[in-house]
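A short worksheet on the structure shown next.
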There are 2 protein chains.
Amino acid sequence: MNPRKKQITDAAHRLFSENGFAQTSIQDILDEAQIAKGTFYNYFASKNECLIAILETVNEKAERRRIELAQGENKADENVLVSQIAVRLDMNRYHNLLAIFGSVACSDDNDLKAFFKKNQTKELNWIAKRLVDVFGEEEARHAVDHAVMLTGCIHQIIRVWNLGANTEMATETVVQFALDQLKPVIREGNKKAFFPKNWLDLTIDSLSTDYMEMKQQLIIRLSNLTKKLEKEEKAKNNEYVQFLLKEFQSENPRLFLLESVLLSLKHVFEGSSYELEISQIVKMAWQVLDSL
Amino acid sequence: MNPRKKQITDAAHRLFSENGFAQTSIQDILDEAQIAKGTFYNYFASKNECLIAILETVNEKAERRRIELAQGENKADENVLVSQIAVRLDMNRYHNLLAIFGSVACSDDNDLKAFFKKNQTKELNWIAKRLVDVFGEEEARHAVDHAVMLTGCIHQIIRVWNLGANTEMATETVVQFALDQLKPVIREGNKKAFFPKNWLDLTIDSLSTDYMEMKQQLIIRLSNLTKKLEKEEKAKNNEYVQFLLKEFQSENPRLFLLESVLLSLKHVFEGSSYELEISQIVKMAWQVLDSL
DNA sequence: TATTTTTTATACTTCAAGTCTAAAAAATAA
DNA sequence: TTATTTTTTAGACTTGAAGTATAAAAAATA
């Protein structure tokens, strides 16, 4: 990273950790980093952008540490997983990020929101994958469900702990406890999954903020869907999808038509097994429409 | 509630729901409620106070609804519990409160923080109690653990669902799923509990913002502790506790002494079974010290 | 009707975010 | 080295929201 940029993020990082994100003004950062206002705005458009830069370095650090922890170990070793998960919690705590994660929900900055969404999705995906490593292939279909529950438990335990205690609980203890508790759930394999297959992958697709790219992905998903519907000979429902596909691909998509068809689409697929996929597609489509 | 106050909170409530808490300026509220700035500040010292007033009415509504749902039903009926838990989630969703809960973490308003802490503690306590209703007395020792995990799972599932879908998931479905998943955990009774006995009650004690009251509670807890230590003949450790008790009760507590003893206290009890209780007491004590 | 309380309109202060500019300093090219 | 370009600086300026202050009007109460 550009040394001046680093000088700024370092200063901001110190202040955010010590005093909190919302409590730190840009002026504070300027004073701490000993730079002029113009310089700051030369590198960042806002405090939020500066925060993203910081969080990215923290992410990289966490990722490296996780790789280190796995080095030379058996990837099915539960203890490795526990300490790997704890790495991120420790990072959060060390950098006082919990408070920041809170402030983000209140911010209406779309970039920042997208950043956090992407992060969370990545983290869950990673944990799901590792659960399969540890608990075997038969875990695959439920891995996302379990990753979600595991992280939910861990965070809530930490939150509640902090309600009443001022000592810090060792993160590994929490992770280990949550995992132990959930083991009977994980082992009980014959259950119906909550989240649809590939839920997180599909989610990631819709996280792009580049509308051209998003449109491409939308078209891909629509054409996949239409193929699937063709196979199942659901011609009636397929009409809608094919229409959307054609219209989105055309030179000048007619907005009013797309809007109208999107509105009906959800109703058409209500109750079908495609309901969820449709819901994601519709969401993406509206975003693309906004950009047209 | 005073009709004018209600007029203001109603307007604010509308705006918070529609546009979000952070996005609503006080001026917006004045316009919506058709009142002058002075009137607003006549009833609330800040936007946060206004928010608390709103949340209190929502709380009451949720509480009433839960009582209704239990009317004439068997309190051990799992389905009642599920819909009772869902009540609050529906409230949150209906009033768009999730975003608000986020913004609170970023606020440095102590009253607001205390309010949320108290709310969360109450909710967990309530769920823990109800878990005992449904799963029997043998659940008592683990009820808090399970309440924490259950709420953690529920919230995380909803969060992740909202990452990728734009349809709203029926809250009862989520609650039912989480509860079903956790049943093997709940039924496996012979585990070590994570949260100490009465954790939440103890936590509630430390939520008061009235320092006099807090001091009284601190004294009560110290004297309980010293009695317990006496029974166990831990004279050495008891010296510290008894000293603190006497000093806090004295007319003019010597701050420097208290500070110094509090610092050692944690080390003295490190590793003992009192570690957690001590940690809470120390936390309270520091708050009381701040007020002296 | 007289008095007190509440409400209003408006001006004011404070504070932080962010823009703009002209000059100084530093980096780079010739 | 000198000339040119880029980066940095200091500080003035705009905007917008929070919150304070005040005197007059309106409403409630005695």
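Calculate the spin-label point distance for B:R141 paired with A:K231, positioning each point 7 Å from the Cα along the beta-carbon direction, and give it in nanometres.
The modelled label-to-label distance comes out at 5.2 nm.
Can you pull the percent of the protein assembly as shown's accessible area that's carbon plus sulfur, 1.4 Å probe, other chains left in place?
About 50 percent, which is the carbon plus sulfur part of the accessible surface.
Hey, which lysines would be in cross-link range of A:K228, C-alpha to C-alpha under 27 Å, not counting anything within fewer than 8 residues on its own chain?
A:K129, A:K191, A:K192, A:K197, A:K215, A:K236, A:K246, A:K266, A:K283
Please give the length that would be gained between B:D31 and B:S250 if that part of the chain were fully extended, namely 0.36 nm times their separation in residues minus their C-alpha to C-alpha distance (nm, one decimal).
Length difference between fully extended and current span is 73.5 nm.
Normalised by the number of residues in chain B, what is the relative contact order in percent for Cα pairs under 8 Å and 6+ residues apart?
13 percent
Can you tell me the accessible area per residue over the stretch B:1-44, all protein chains present, probe 1.4 angstrom, in square angstrom?
Using a 1.4 Å probe on heavy atoms only, each residue of the stretch B:1-44 averages 56 Å².
Once the Cα atoms of helix B:78-94 and of chain B are each reduced to a long axis, what angle between those two axes, in degrees from 0 to 90 to the nearest 10, is obtained?
The helix B:78-94 is inclined about 70 degrees to chain B.
Can you tell me the 0 to 90 degree angle between the C-alpha axis of helix A:171-187 and the longest principal axis of chain A, rounded to 10?
It works out to around 30 degrees.
Taking the Cα atoms only, what angle lies between the long axis of helix B:143-164 and the longest principal axis of chain B, rounded to 10 degrees?
Once rounded, one gets 40 degrees.
Points 7 angstrom from Cα along the Cβ direction at A:D290 and B:D10: gap in nanometres?
Output for this residue pair reads 3.2 nm.
Viscosity 0.890 mPa s, temperature 25 °C: Stokes-Einstein D of the protein assembly as shown from its Kirkwood Cα radius, in µm² per second?
Taking Rh from Cα pairs, D becomes 91 µm²/s.
Starting from the eigenvalues of the Cα gyration tensor, five times each then square-rooted, give me the equivalent ellipsoid semi-axes of chain A, largest first, whole Å.
Calculated on Cα positions only, the semi-axes equal 38, 30, 16 Å.
Return the average number of partner chain Cβ atoms within 10 angstrom of each residue Cβ along peptide B:145-152.
6
Using a label point 7 angstrom from Cα along Cα-to-C-beta, what distances in nm, from shortest up, separate B:K246 from the other copies?
In ascending order, 9.3 nm.
Expressed as a whole number of Å, what is the distance separating the alpha-carbon centroids of the stretch B:11-70 and the stretch B:118-146?
30 Å
For the interface of A with B, what's the total buried accessible surface in square angstrom, probe 1.4 angstrom, rounded to the nearest hundred?
Summing both sides, the interface buries roughly 4800 Å².
Choose one answer from A:W161, A:W126, A:W199: the residue with the largest mean-square fluctuation in a GNM of chain A with alpha-carbon springs under 10 Å.
Fluctuation is largest for A:W161.
Where a Cα-Cα gap under 20 Å defines reach, which aspartates and glutamates qualify for B:K6, not counting those fewer than 8 residues away within the same chain?
B:E18, B:D28, B:D31, B:E32, B:E49, B:E56, B:E60, B:E63
At a 1.4 Å probe radius, which order do A:Y274, B:Y41 fall into by accessible area, largest first?
B:Y41, A:Y274
The values are calculated or read from the model by the stated rules, or taken from the named source; none is laboratory data. Quantities reported herein were computed from a predicted structural model and do not represent experimental measurements. Here Cβ is always computed from backbone atoms with ideal geometry, including for glycine, and neighbour counts include all displayed protein chains. Calculation scope for accessible area: heavy atoms of the full protein, side chains included, ligands and nucleic acids excluded. Shrake-Rupley method; radii C 1.70, N 1.55, O 1.52, S 1.80 Å.
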